[in-house]
Amino acid sequence: MAKDLEKPLLIIHGTSDDNVYFSHSLKMSNALFREGKTHDFLALSGSTHMVPDPLVTTRLYQRIVDYFVEHLGS
């Protein structure tokens with residue numbers, strides 16, 4: 001399905017996620033890269049499915065907002 005991506009994609013994944021395997025995000029990123037699709041990958045070192053650190057949470061949400069503004073317009 002990577003070949004069908006039409007808009008840039010931001011993948012964010014905690015490296016210690018116990019609900020979704022980190023390797024799945026790596027495989028998706030690799031498939032997108034091989035198809036020449038624009039995407040960004042943010043690995044949150046040591047984070048699980050939730051982000052308990054307030055500073056990391058703040059930075060994460062700002063990154064998401066910035067990505068939306070850049071790629072979807074304001």
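Every number here is computed from the coordinates shown, using simple stated rules; none is lab data. These numbers were taken from a predicted model, which means no experiment stands behind them.
Here are the numbers:
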item: Taking only Cα atoms of segment 8-72, radius of gyration then Dmax in Å; result: 12.4, 36
item: Normalised contact order of the chain, rounded percent, pairs of Cα under 8 Å and 6 or more residues apart; result: 38
